[in-house]
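Each remark here refers to the structure printed beneath this line.
Derivation of every value follows stated rules applied to the coordinates shown; laboratory data play no part. Please read these numbers as outputs of a predicted model, since none were measured by experiment. Neighbour counts are summed over all protein chains in view; Cβ atoms, including those assigned to glycine, are modelled from backbone coordinates with ideal geometry.
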Amino acid sequence: MNVHYKITILSVSILLVLAIIIGQGTANADQKKMVISAVETARRQGISEEIISNILAYSLDGKNNKSHSIHLLSILIRVSEAGIPLNPFDDKINEGFGKQIQPEKIEKSLNKLFDNYVFVRDMLDKAYNNSWVYSEKDILALVESMDYGLPRNELRLLFEWAPAISPEMLSTAATNKALLRQISIDDKLIDSIIYTGLSNQSLTPRWLLFFKVVVAAEKKGISSTKIANAAKDVLTQKGDVGKILEKLGFTSRDVRHGPHIDSPPSANGHSP
Amino acid sequence: MYDIDNKYGLKIMKQIFRKMHLMELTVISTTKQTIKAQKRYLITAILCICLIHIIGEIIPSFAKTENNGITLFKQEKYLLAVSTLSKELITHPADPDINYFMGRSLLAINRVDKAIIYLKEATKLSQDIPDYYFWLGVGYWANMEFENEKESYLKALKIEPDHLTANLYLGHNYMDRNKWKAALSQYDRVLDIDPYVPEALYNRALVFRYLKEKKNEKKAWLFYLNKYNYGKWALRATEALNGYGDFSYRIYLLGPRKIVAPAIEFEQGGSILKPNSMPVFQHLFKKIGNNTDYLIHVIAYVKGNHNIAKSRAIAIKAQILEAFPTIEASSVMVSWFDISEKIIANGQTYYLTESIDVISVKK
């Protein structure tokens, strides 16, 4: 290999390295521009400085590169453009950052939240058609029931009860269905409880505690059929969820006056 | 409230000045009179100042009690109490009592999650009041947070080991979680403090049942019935006792009611009622004694002795008519049998060689 050839190879290599460096610099500059533009759009959409700075700080920490910041910001922009409150998305981002979850996973869960939110909102609009005013809380509760694993087709079936039942009761039904399934209660039993609650319009938000009753009763060795029957009885009588405990032989508490110390036991007392 | 105070104060002050003025006019005449009058003036002034002070103390407290949230709570006007206490909390956010009663009011109207927030706040603001922890525990129970419930009662008991209700509900908490021995020891603790707490007496018997300690269970039911032989729980206790073949207490069907009473007993081999059976009739017929719409059937069983059975039935009729003169003799029917009474309890058949049954039906 002659000297001329060596010099040529060296020159080409230097040029190549320079080209890479310059190219990367340009790409970095482009990405920087994109981040700036995403931040500006986010600000225009009214996304708070706190959320924006959280995302940027995370990218500066090196846990998140610039492209992830752009993606996260663009999801938030999309959420804001769709007129959806940012709080649940912000909470999810913070939760993800706090738990050091990979940015791709955070993006995925934000996209899922967005889709579910839009789905629930559309369903509520269609089902109630302004006959009931539903709240942000109702939407989030329904979205949460999907998070707990309630599929869309089952949620659609519950929406068939609308507009006869309130959005609040609908969301209580959905959450109960999802939670009870998570603790492995038989689907038929769950459906019969939910049906009783909806047809008697007695599924108040206090029934969100029902799954705790089930857990406590099962620990005591009471069968799920017995629990379901007690729940249906109470729902038919439009009673409070706490009444199930009494029906299942748990002790009761007097939440107004405390125990009956100087008098004989009341009719509402403990059932053996 | 200060307006009321001032109004009264001003009125009284005006009266004092008027009195002082009158006094001044009358005391000018003689020096002796002047000294006397000055004394009188001084005494009156002191009395009036005391009066103002007393009124000043009493009137604001009256004004305070009228619209006070805590008073509304005590009057069981829970909704009103919540709205009043929430206003009071704006000016006194760090008042533990207001937070506590706000929590209690919310709990009473079943707004449990909010109740817990205020009760918790009360325990933070004043950490040495066992009732605050006790009611926080009740709040946790209503919210199905059983572990937190237990912890709260334990905190109450750390401050006051003899806190009756915290001991009792801690027992309930253990019982609900099948911790029978712990529950039993709690109920025993409660009965050490107060031997008449019905829930502890009743649940103690239940605990023995779950522990399969039949002898102790029977003893505990009897103990309960000796103290409380009326109401729903007494019926259950009697059923449980009869289920073990113990008929020292029985359920009598009197009209629409099921009444629990000790078994009616006679002296051995005769028709003289045992002294402790005398009050049974008062207990049995106090509800229908004056109601002439009922027929009373007395049935006496003495196995193998027709005559004693008959004389016992007649003795009871006489006892009923003596105790309730408004009951006509024709309204009390008697029958007697020289066989054992057959009773089915808890799926088992029992035969009582000597017994009395009383039934009452509408005519």
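Once you sort the root eigenvalues of the Cα gyration tensor of the range B:111-173 as a ≥ b ≥ c, which label holds: rounded (a/c under 1.5), prolate (a/b larger than b/c) or oblate (the other case)? It comes out oblate by the Cα gyration axes. For B:HIS297, nonlocal amide neighbours, meaning residues 5 or more places apart or on other chains whose placed amide H falls under 5 Å from its own, are B:MET333, B:ILE359, B:SER360, B:VAL361. Annotation: amide H of B:MET144 has no partner in the under-5 Å range at sequence separation 5 or more or interchain, hydrogens built in the peptide plane.
Computed over neighbours whose Cβ is under 13 Å from that of A:GLU168, the net charge equals 0, Lys and Arg +1, Asp and Glu -1. For the residue pair B:LEU154 and B:ASN307, what label-to-label distance in nm results when each label sits 7 Å from Cα along the Cα-to-beta-carbon direction? Rounded to a tenth, the inter-label distance reads 7.0 nm. Estimated from the Cβ-Cβ distance and a Förster radius of 25 angstrom, the FRET efficiency linking A:HIS257 and B:HIS283 is about 0.35. Annotation for B:LYS274 and B:GLN348: the two label points, set 7 Å from Cα along the Cα-Cβ direction, are 2.1 nm apart. Summing Cβ point charges (Lys, Arg +1; Asp, Glu -1) relative to the Cα centre of the range A:95-151 gives a dipole of roughly 80 debye.
For the range B:344-351, the Karplus equation 6.51 cos²θ - 1.76 cosθ + 1.60, evaluated at θ = phi - 60°, returns couplings of 9, 9, 6, x, 10, 9, 10, 10 Hz by residue, with Gly and Pro reported as x. Between B:TYR249 and B:ALA263, the built amide H atoms are under 5 Å apart, and every one of these is 5 or more places off in sequence or on another chain.
Checking the table A:LYS247/B:LYS181; B:LYS212/B:LYS232; A:LYS112/A:LYS232 against a 28 Å threshold on Cα-Cα, which pairs fail?
On the way: A:LYS247/B:LYS181 23 Å; B:LYS212/B:LYS232 23 Å; A:LYS112/A:LYS232 34 Å.
The answer is A:LYS112/A:LYS232.
State to the nearest 20 debye the size of the charge dipole of the range B:224-274 about its Cα centre, where the only charges are +1 on K and R beta carbons and -1 on D and E beta carbons. It works out to roughly 300 debye.
Cβ crowding within 10 Å, taken as a proxy for footprinting-reagent exposure, orders B:LYS232, A:LYS6, B:LYS158 from fewest neighbours to most as A:LYS6, B:LYS158, B:LYS232.
Each of A:THR236, A:PRO205, A:GLY249 was placed along the dipole of the range A:152-265 (beta-carbon charges, centred on the mean Cα), and the one lying farthest toward the positive end is A:GLY249. Taking a Cβ cut-off of under 10 Å around B:LEU273, the surrounding Lys, Arg, Asp and Glu residues balance to a net charge of 0, with basic ones at +1 and acidic ones at -1. Between B:LYS179 and B:ALA94, the contour length at 0.36 nm per residue exceeds the Cα-Cα span by 26.8 nm. With 31 Å as the limit, the listed pairs B:LYS155/B:LYS214; A:LYS92/A:LYS212; B:LYS214/B:LYS362 have B:LYS155/B:LYS214; B:LYS214/B:LYS362 beyond it between alpha carbons.
Rounded to whole numbers, the Karplus 3J(HN,Hα) couplings from phi for the range A:234-248 are 5, 5, 5, 8, 6, x, 7, 4, x, 5, 5, 4, 4, 5, 8 Hz, using 6.51 cos²θ - 1.76 cosθ + 1.60 with θ = phi - 60°, and x at Gly and Pro.
Going through the cross-link list A:LYS226/B:LYS179; A:LYS188/A:LYS219; B:LYS87/B:LYS114; A:LYS243/B:LYS215; A:LYS243/B:LYS150, which pairs have a Cα-Cα distance over 24 Å in this structure? The partial results should precede the final answer.
Values: A:LYS226/B:LYS179 21 Å; A:LYS188/A:LYS219 21 Å; B:LYS87/B:LYS114 16 Å; A:LYS243/B:LYS215 32 Å; A:LYS243/B:LYS150 20 Å.
Exceeds cut-off: A:LYS243/B:LYS215.
Using the Karplus relation 6.51 cos²θ - 1.76 cosθ + 1.60 with θ = phi - 60°, the per-residue 3J(HN,Hα) values for the range A:83-91 come to x, 9, x, 7, 3, x, 6, 4, 4 Hz, with x marking Gly and Pro.
The simple spin-label model puts a point 7 Å past each Cα toward its Cβ; for A:LYS99 and A:LYS226 those points are separated by 3.6 nm. Excluding same-chain neighbours fewer than eight residues apart, the lysines reachable from B:LYS317 by a Cα-Cα span under 16 Å are B:LYS274, B:LYS286.
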